[in-house]
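Rule-based calculations on the coordinates, nothing more; no lab input. In this text the structure is predicted, and so the values were computed from the model without any measurement. Positions of Cβ are backbone-derived with ideal geometry, glycine not excepted, and every protein chain shown enters the neighbour counts.
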Amino acid sequence: MQRPEAWPRPHPGEGAAAEVAAAARGGTAPGAGATEPPGLRLQEPSLYTVKAIFILDNDGQRLLAKYYDDTFPSIKEQKAFEKNVFNKTNRTDSEIAFFGGMTIVYKSSIDLFLYVVGSSQENELMLMSVLTCLFDSLNHVLRRNIEKRSLVENMDGAFLVVDEIVDGGVILENDPQQVIQKVNFRVEDSGLSEQSVAQVLLPRLILPA
C-alpha cells in the first residue's frame, strides 16, 4: 500500500538505536551480557492495540468517535486531531498513514470516512482487520448503505457495533458475523426500545457465509 509522502513513518526506537550505536563505538554490545543482535529485542506484548475509532463526514466533521486512552484528553483536542487526520487523508488513495507517533488505517464510503488509530508499534494488519470488520458490520447493520444519513439515523446500532469490536482499546472481535450476532443479543438482553435500533437490528440480519 502506498504511504502518503507527507507522513513519513515515525521511528519510536530512535533512542534505543542511538544507545546501540554508542555501545558499538565503545566496542560493547547494548546491555550487560546481551547476546541477541541489536534491533531484534522484542517489546513487551500489549493487548491495547487500538487508541481510537472515529467516523467523519466528507467535510471532516465528527459523526461517531470512541477514544480508549488519554492521548487526547479533551474533546477539543480530539476534534483537532480528527481534522488534521482528515486533511491529510481525504484526497489520497492510500489506506494507511503514519502521523504523530500513531498508525492510522482508514476507508471511505460515499460521504463517510472510517478511521482506526493505533500506536506506531502496532501491527498494521491487525488494525486493518478491525477496520474491515467495522466496515463490513456497518454495511449490514445499515442495510448496505454506508452513508451519512443512514449512519445518523441508526447511530445507536453503530455504537453497539463499535463496542462489540473494541472494548477499552482491546480487540474483542474481528468477524462481522459474530459482531452482528452479539449486537442482536445485547439488544434483546437490554430491552432497548429505541425505534432506530429496532429498525436496524430486527429482524436479524444474516451475513452471507
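Please give the length that would be gained between Met155 and Asp111 if that part of the chain were fully extended, namely 0.36 nm times their separation in residues minus their C-alpha to C-alpha distance (nm, one decimal).
On the way: separation 44, 0.36 × 44 = 15.84 nm, distance 1.57 nm.
Gain on extension, Met155 to Asp111, equals 14.3 nm.
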| field | Total charge dipole magnitude, segment 50-186, about the Cα centre, Cβ charges on Lys, Arg, Asp, Glu only, Debye to nearest 20 | value | 340
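Here are some pairs, Lys148/Lys182; Lys79/Lys182; Lys88/Lys182; Lys83/Lys182; which of them have Cα atoms lying more than 28 Å apart in this structure? Provide the component values of the computation, followed by the final result.
On the way: Lys148/Lys182 24 Å; Lys79/Lys182 30 Å; Lys88/Lys182 35 Å; Lys83/Lys182 32 Å.
Pairs exceeding the cut-off: Lys79/Lys182; Lys88/Lys182; Lys83/Lys182.
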